[in-house]
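What follows is one structure encoded as structure tokens, with my remarks underneath.
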Amino acid sequence: MTPLPSNSGPFSKSVKQLAEQMNPCTLCPRNCEVNRSEGQIGFCGIGDKPVVSSVGPHFGEERELVGYGGSGTIFFAGCNLGCIFCQNFDISHHRHGRAVTVEQLAQFMLELQSHGCSNINLVTPTHVVAPAMAAVKLARQDGLTLPIVYNTGGYDSVETLKLLAGLVDIYMPDMKYSDSEVAKELSRASDYPQLNREAVKEMHRQVGDLQTEKGLATRGLLVRHLVLPNNLAGSFETIDFLAEQISLNAAINIMDQYRPCFKASSNPKINRRPILQEYDAVRQYAIEKGLNVLT
């Protein structure tokens, strides 16, 4: 099990179950089944302690998360996806950062709150969800009141997500692909489309549609979808899924910032940015379907 603080008695059953799932590790769909507390490393490249690359207020997130004080981001190194176009490859693939304890992670959260941040934004938490949620519980005991944002690449296990009920306020998953072959080629995850949709259903079941107070998100689901060139992301199918199987009020941020990073320049399918017409067609389609398209 991942190292919990010596005062681990107050931790909920769900947090303890998450810790147990690290040895052998079955936290995410990779099911690497390595014993992380013994120093074994799976696909994500991270052991039993989370590796944090940066902590601080972030003003580049959706305006529903930023407010006046910024979104209180904690960027975790490592990732359970292998995206060849990753814009944060130095963090996700090269794993730059420093290992921290659960107590240190909880202290980061409390410091972000004291600095006036609007929420605690856990960026790429899937592979370190056990210590992350232990830190949330510890910080809550010490006065943390901000909403917790689970900012994920969307390759999550439903079984793990069920253990997060009551711990996460805002789920912010990517919905990257609708086609398994594309997911395999670009992210080494052929089962991504199916598992991603199952995960989004579970997230919505827990927290419902996005809710805001005075313009700030307090609870709910906020989907991010990055438009790729040549419709490789399967954007229209993703929008249909949200409208037909999640909610017509589902909040979606249709993002236009794709650029060929990391290894993408060597792949002719994605070695360019989407043209304006490609992006506009996706955004217009989501509006026509009646989704809550964020601006």
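The values are calculated or read from the model by the stated rules, or taken from the named source; none is laboratory data. Given the structure is predicted, the values throughout are model-derived calculations rather than measurements. So basically every Cβ, Gly included, is an ideal-geometry build from the backbone, and we count neighbours across all protein chains shown.
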- Message: So, VAL293, is that one touching a strand residue (DSSP E or B) at 6+ places or on another chain (Cβ under 9 Å) and closer than 23 Å to GLU181 by Cβ or not?
- Response: no
- Query: Given the conditions (1) within 21 Å of ILE46 (Cα to Cα); (2) of a type in the set (Phe, Trp, Tyr); (3) in contact with a Ser or Thr (Cβ under 8 Å, 6 or more places away or on another chain), which single one is not true for PHE89?
  - Reply: (3)
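Residues are listed down the side, and each one gets a yes or a no for (1) over 30 Å from GLN113 (Cβ atoms); (2) not in a strand (DSSP E or B):
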| site | (1), (2) |
| --- | --- |
| GLY143 | no, yes |
| VAL168 | no, yes |
| TYR171 | no, no |
| VAL200 | no, yes |
| LEU221 | no, no |
| ILE239 | yes, yes |
| LEU242 | yes, yes |
| GLN245 | yes, yes |
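Okay, residues lined up against (1) under 19 Å from the mean Cα position of the chain (by Cα); (2) part of a helix (DSSP H, G or I); (3) surrounded by fewer than 20 Cβ atoms within 10 Å (Cβ to Cβ):
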| residue | (1), (2), (3) |
| --- | --- |
| LEU18 | yes, yes, no |
| LEU27 | yes, no, no |
| GLN40 | no, no, yes |
| ILE46 | yes, no, no |
| GLY60 | yes, no, yes |
| GLY78 | yes, no, no |
- Task: Output the residues belonging to the range 93-138 that are more than 17 Å from TYR171 (Cα to Cα), of a type in the set (A, V, I, L, M, F, W, C) and out of contact with any strand residue (DSSP E or B) (no Cβ under 8 Å at 6 or more places or on another chain).
- Result: VAL102, ALA106, LEU110, ALA134, ALA135, LEU138
- Identify the residue in the range 247-288 that is at pLDDT below 95 and part of a helix (DSSP H, G or I) and, among all such residues, is surrounded by the fewest Cβ atoms within 10 Å (Cβ to Cβ). SER266
- Being farther than 11 Å from VAL207 by Cβ and free of Cβ contacts under 8 Å to residues at least 60 places away in the same chain is the filter; apply it to the range 162-175 and report the residue that is nearest to the chain's Cα centre (by Cα). PRO173
- Message: It is to be established whether one or more residues within the range 96-114 are in contact with a helix residue (DSSP H, G or I) (Cβ under 9 Å, 6 or more places away or on another chain), without any contact (Cβ under 8 Å) to a residue 40 or more places away in the chain and within 30 Å of VAL182 (Cα to Cα).
- Response: no
